[in-house]
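This report concerns only the one structure given below.
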Amino acid sequence: MSDAQGLQQAGPPDTGGIVRRPVPADLARSWLLVPGTDLERIDQGARSSADAVILDIEDAVDPSRKREARGVVSGWLASGGEAWVRVNDATTEFWEEDLRDLRGATGLLGIMLAKTEDAGQVARTHAILGSHVRIVALVESAQGIEDATSIAKAPGTFRLAFGSGDFRRDTGMSADKEAMAYPRARLVVASRVGGLPGPIDGPTVGESHPVLREQSGVTVMMGMTGKLCLTADQAPVVNEVISPMRTDVTWAYDFLADFRARGEVIRDGSDLPRLGRARKIVTLAEAFDVSPV
């Protein structure tokens, strides 16, 4: 019996009794990439604290196993699982087959389009999958960064994401935060212009949580609101760093209470930006279950 056949006969994936309030995809912080052929890691990902799980049938799968990966992913989704799927880029022979297999799939939360370089690739993907399927455009090259605004405005684009490793290979730039500031800023500005949520930053490679925490801080500093994860144990760190601090949540609730107590009267020019910040913090705190001090 193949993996896919076994999955189609199985019940919903075991979540180990863990019930978590789902985080809306527009606010999702941790995006966990899981190889689409690894059932054990897929089930672990579904039980993890990641806000979003992405079943990867692109870079994580050898070309000779693409069909197998599609079968495993389709079977897992059909058995009651819910996840995003990273599909192959639009210039490959695998792209259209990926989309045909996923179109109408139960449990498909959306797709991540690998190596997005222009708006037309998103538009064609959108046309095949239908308007109800959300697309995270993964930008991984110099061309993609330069066309980021048009990609953000393309029909079907839900969020932008940064494929930092492939971008560095394409450009020869280092991983230093100074070198990566330009592409990150381009994605942040393009997302704002396109009316999208903040973009998703590239992953941290390695098992050092102090390094992950530091790099997640750079993510927040640059205005990005999510980060790709390569292992399930990275998700709690990313979630913590990207969430508002409890002291900030306390300030936000206190400011809004005072604002209401004085009849919502704007006293001076500083009130408006503080009001916007307070409302944003409260929205995130409620989505992420962050309580005041």
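For every residue, the table says whether it meets (1) closer than 30 Å to GLY163 by Cβ; (2) in contact with a strand residue (DSSP E or B) (Cβ under 9 Å, 6 or more places away or on another chain); (3) not in a loop (DSSP other than H, G, I, E, B).
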position: ALA185; (1), (2), (3): yes, no, yes
position: GLY195; (1), (2), (3): yes, no, no
position: GLN215; (1), (2), (3): yes, yes, yes
position: LYS227; (1), (2), (3): yes, yes, yes
position: ALA252; (1), (2), (3): no, no, yes
position: ARG260; (1), (2), (3): no, no, yes
position: GLY276; (1), (2), (3): no, no, yes
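Exactly one of these conditions fails for GLN234: (1) of a type outside the set (Phe, Trp, Tyr); (2) touching a residue at least 24 places away in the same chain (Cβ under 8 Å); (3) assigned to a loop (DSSP other than H, G, I, E, B). Give me its number.
Only one criterion is unmet by GLN234, namely (3).
Just the residues that are part of a helix (DSSP H, G or I) and either basic (Lys, Arg) or touching a helix residue (DSSP H, G or I) at 6+ places or on another chain (Cβ under 8 Å) (or both), please, taken from the range 262-274. I'd like the intermediate steps shown before the answer.
First, pick out the residues of the range 262-274 that are part of a helix (DSSP H, G or I): 271-274.
ASP271, ARG274, listed by residue number.
Look through VAL220, VAL211, VAL122, VAL205 and report the one residue that is open to solvent by less than 40 Å² (accessible area, probe 1.4 Å) and among the hydrophobic types (A, V, I, L, M, F, W, C).
Numbers: VAL220 fails: open to solvent by less than 40 Å² (accessible area, probe 1.4 Å); VAL211 fails: open to solvent by less than 40 Å² (accessible area, probe 1.4 Å); VAL205 fails: open to solvent by less than 40 Å² (accessible area, probe 1.4 Å).
Of the residues listed, the single one that is open to solvent by less than 40 Å² (accessible area, probe 1.4 Å) and among the hydrophobic types (A, V, I, L, M, F, W, C) is VAL122.
Against the condition under 19 Å from the mean Cα position of the chain (by Cα), open to solvent by 10 Å² or more (accessible area, probe 1.4 Å), aliphatic (A, V, I, L, M) and closer than 23 Å to LEU230 by Cβ, how does ALA60 come out, does it pass? Step through it out loud before you land on a result.
Numbers: under 19 Å from the mean Cα position of the chain (by Cα): yes; open to solvent by 10 Å² or more (accessible area, probe 1.4 Å): yes; aliphatic (A, V, I, L, M): yes; closer than 23 Å to LEU230 by Cβ: yes.
Yes, satisfied.
What is the number of the single condition among (1) β-branched (Val, Ile, Thr); (2) buried (at least 17 other Cβ atoms within 10 Å of the Cβ); (3) not in a loop (DSSP other than H, G, I, E, B) that ILE128 does not meet?
(2)
For the range 41-80, how many residues meet the condition of being part of a loop (DSSP other than H, G, I, E, B) and hydrophobic (A, V, I, L, M, F, W, C)? So that I can check it myself, show each step before the final result.
Of the residues in the range 41-80, the ones part of a loop (DSSP other than H, G, I, E, B) are 48-51, 57-62, 79-80.
Then keep just the ones that are hydrophobic (A, V, I, L, M, F, W, C); that gives 50, 57, 60-61.
Residues meeting the conditions: 4.
Can you pull out every residue in the range 81-103 that is under 21 Å from the mean Cα position of the chain (by Cα) and not in a helix (DSSP H, G or I)? Step through it out loud before you land on a result.
We begin by selecting, within the range 81-103, every residue under 21 Å from the mean Cα position of the chain (by Cα); these are 81-90, 95, 98-99, 102-103.
GLY81, GLU82, ALA83, TRP84, VAL85, ARG86, VAL87, ASN88, ASP89, ALA90, ARG103, listed by residue number.
Within the range 144-201, can you find the residues that are open to solvent by less than 30 Å² (accessible area, probe 1.4 Å), more than 28 Å from PRO24 (Cβ to Cβ) and among the hydroxyl-bearing types (Ser, Thr, Tyr)?
none
The values are calculated or read from the model by the stated rules, or taken from the named source; none is laboratory data. This is a predicted model, so every value here is computed, not measured. Cβ coordinates were reconstructed from backbone atoms using ideal geometry, including for glycine residues, and neighbour counts include every protein chain displayed. The protein model used for the area step is the full one, side chains on, heavy atoms only, and it has no ligands, DNA or RNA in it. Shrake-Rupley method; radii C 1.70, N 1.55, O 1.52, S 1.80 Å.
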